[in-house]
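Structure first, then comments.
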Amino acid sequence: MARSLSSVARGGVLHLIPPGLSAAEGSLELVPMPLLMVSLRGTQVVHEASNRAFKRAQVEADTSLDPVIRDFLLSDAESAEHEWHSGGEVERRHFRVCLSRIALRSEPVCIVSLVDQTAEVRTEETLRREMATDSLTGLPNRGGFTDALETTIANSAARWAVLMVDLERFSRINACLGSMAGDELLITVARRIKGALRARDVLARTGGDEFGILLAIDERDDEAQHVAKRLQAALSTPFRLSEYEIRVTSAIGIAFGDARVEHAEDVIRHAQVAMKKSKASKKAEAYQTRALDSARAEFAMETALRRAIDNGDLTLRYQPICDLATGRVESFEALARWTDEQGVQHQPTDFIRVAEESGLIVPLGRWAIDSALATLAEWDRRGDASHGIRVGVNVSPIQLQRDSVPDVVEHALAAAGMTGDRLKLELTESALVAEPARMARMLTALKSLGLTIAMDDFGTGFSNLASLQKLPIDVLKIDRSFITGMLADRDKIAIVRAILSLSQALNMSTVAEGIETHDIAQTLAALGCQSGQGYAFAHPLEPDDAYGFLLTRNR
């Protein structure tokens, strides 16, 4: 005998009540969907209500749901839920099959309801797409790119590559022309990159000015290099923004992968490491295993260096600069030295480079100025030997850009009780000519404090006579590459002669670096060089040893 369900409308919700129960005894609040009531008779499932719900879902109840219902009725579970997806040629709909069991006159009865979740599923899919899409360019974002890469890792046995493209100078363009111009540039760049790729390649915007490319490799790995060259050629054509013509350069890092790769983020990180190398080499670079080891070592050094600066673990050594005619000490150059907590001595060329890249060069440079002046003040308290002696401190181009060096120097002089004529700042040639107008203003402010300004490593940079003449420079330091072995190289002697003539014409004094023999010192003196430093006189010395050297030389 077929049973029927009664219904009671309450608050706009349809309550379906099994026969034999009143509304007050236990109504079931369900969604207003067609229901199917079935009962278990022996081993057969008997449908006792319309199967319109299953017709709506475009499947037959008898063939598709009988096993589900039978398993449910025979189980001990009080309730269960099953996901059921049905599809048609026109559209795909999503139904959730909800099963609940009641005992009706000692006969097990199952109520089956279908909940149409199509709208919720489509909304979720839309939100997922939006979360994985860059709103500016319409390309996949970092999350979408990672998803595509994970899919490739899981499903592809072929070789593939990830290219990371970074736009250089974009932050400057954004700052000068505004964010709207920057957005327009990014959209145009995305179009150009897309035009240089194949249809099956995946392009994504993974960062502010960074793009990622998932590239299928058909035959050889050098296909990635060919694509990188096409990208650089596409981006080399100037971009037109308003009335400006903008040239954009790019750094491209490449990392290869295949079925052995486990994590997408590892490949992306490898490509970014190669991209960093590309910024220095100005060409597309492929990732090498050693590169990541080197990057990790540099990161570890940065962490240890930060701690060393905070704890005051660095020291200064002082190398004397002597008058080549008399041999007397006229000044010292302060040189940073670092031995870490494990007793490992790090070369200045290594940790200074890490400090510049991480921004630690600013506190490191401030510490060097303070420490050098404090040492000079301590020497003055010991006697008259150090009176009139200057100490030179190297200032990094990064510190010149990011720090207010005149204010730092003025504060350091006041703290040490020193006058400006006791301090010499040594600046690299490239730093001085990078922004001539700004450098001229900064050097003028430093000169007003009484400082001596020296151009370090002269001859290795890009300065010209015009910029050199405009800057208030007192000393030219001839780079050691021209001094070492000069007695056996006529070209080096000719270069040294030219520098000495130039310094004399500009009324600047000269210091030769890297003097390792007394023969070279005598030759330089004969050529007209005033001062020199190097192992022929002394290695960099501890503060006490440097003061003792000063007493010996300047008696």
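The values are calculated or read from the model by the stated rules, or taken from the named source; none is laboratory data. Given the structure is predicted, the values throughout are model-derived calculations rather than measurements. Reconstructed Cβ throughout: ideal geometry from the backbone, glycine too, with neighbour counts over all protein chains shown. SASA here: full protein model, heavy atoms, side chains in, ligands and nucleic acids out. Shrake-Rupley method; radii C 1.70, N 1.55, O 1.52, S 1.80 Å.
Taking segment 228-247 as the range and being open to solvent by less than 10 Å² (accessible area, probe 1.4 Å) and either of a type in the set (S, T, N, Q) or not in a strand (DSSP E or B) (or both) as the test, the residues that pass are Ala228, Leu231, Leu235.
Scanning segment 474-487 for residues that are surrounded by fewer than 16 Cβ atoms within 10 Å (Cβ to Cβ) and either more than 23 Å from Val393 (Cα to Cα) or among the β-branched types (Val, Ile, Thr) (or both) turns up Gly485, Leu487.
Looking only at segment 109-144, residues that are at pLDDT below 80 and either closer than 22 Å to Asp209 by Cα or part of a loop (DSSP other than H, G, I, E, B) (or both) come to 3 in all. Here are some residues: Leu465, Leu471. Which one is within 22 Å of Thr444 (Cβ to Cβ), at pLDDT below 90, loosely packed, with under 15 Cβ neighbours inside 10 Å and touching a Leu at 6+ places or on another chain (Cβ under 9 Å)? None of the others qualify; the one that does is Leu465.
The residues in segment 438-457 that are within 19 Å of His411 (Cβ to Cβ) and outside any helix (DSSP H, G or I) can be counted, and the count is 5. Set side by side, the residues Ala204, Ala157 differ, and just one is among the aliphatic types (A, V, I, L, M), open to solvent by 30 Å² or more (accessible area, probe 1.4 Å) and more than 15 Å from Arg230 (Cα to Cα), which is Ala157.
Has segment 366-383 got any residue that is touching an Asp or Glu at 6+ places or on another chain (Cβ under 9 Å), buried (at least 21 other Cβ atoms within 10 Å of the Cβ), touching a residue at least 12 places away in the same chain (Cβ under 8 Å) and hydrophobic (A, V, I, L, M, F, W, C)? Within segment 366-383, not a single residue is touching an Asp or Glu at 6+ places or on another chain (Cβ under 9 Å), buried (at least 21 other Cβ atoms within 10 Å of the Cβ), touching a residue at least 12 places away in the same chain (Cβ under 8 Å) and hydrophobic (A, V, I, L, M, F, W, C). Please identify the pairs in which a residue from segment 246-272 that is touching a residue at least 24 places away in the same chain (Cβ under 8 Å) has its Cβ atom under 9 Å from the Cβ atom of a residue that is part of a strand (DSSP E or B) and basic (Lys, Arg), counting only partners at least 6 apart or on another chain. Between residues of segment 246-272 that are touching a residue at least 24 places away in the same chain (Cβ under 8 Å) and residues that are part of a strand (DSSP E or B) and basic (Lys, Arg), the close pairs are Ile246/Arg240. With respect to the conditions (1) loosely packed, with under 15 Cβ neighbours inside 10 Å; (2) in contact (Cβ under 8 Å) with a residue 40 or more places away in the chain; (3) not in a helix (DSSP H, G or I), Gln342 falls short on a single one, namely (2). Checking Arg129, Arg220, Arg191 one by one, the residue that is open to solvent by 60 Å² or more (accessible area, probe 1.4 Å) and under 25 Å from the mean Cα position of the chain (by Cα) is Arg191 and no other. Within segment 488-528, the residues that satisfy the criterion of being of a type in the set (D, E, K, R) and either in a helix (DSSP H, G or I) or surrounded by 15 or more Cβ atoms within 10 Å (Cβ to Cβ) (or both) are Arg490, Asp491, Lys492, Arg497, Glu513, Glu516, Asp519. Within segment 473-487, the set of residues being in a strand (DSSP E or B) and closer than 10 Å to Glu513 by Cα comprises Lys477, Ile478. So in segment 326-339, with the set limited to residues that are open to solvent by 60 Å² or more (accessible area, probe 1.4 Å) and farther than 14 Å from Asn554 by Cβ, which one is modelled with the highest pLDDT? Within segment 326-339, the match that is modelled with the highest pLDDT is Arg337.
Any residue at all in segment 168-181 that's basic (Lys, Arg) and more than 22 Å from Ala284 (Cβ to Cβ)? Yes, because at least one residue in segment 168-181 is basic (Lys, Arg) and more than 22 Å from Ala284 (Cβ to Cβ). When residues in segment 146-195 are screened for being in contact with a Leu (Cβ under 7 Å, 6 or more places away or on another chain) and of a type in the set (A, V, I, L, M, F, W, C), 16 of them pass. Whether a residue is of a type outside the set (A, V, I, L, M), more than 30 Å from Val227 (Cα to Cα) and out of contact with any His (no Cβ under 9 Å at 6 or more places or on another chain) was assessed, and Glu302 passes this test.
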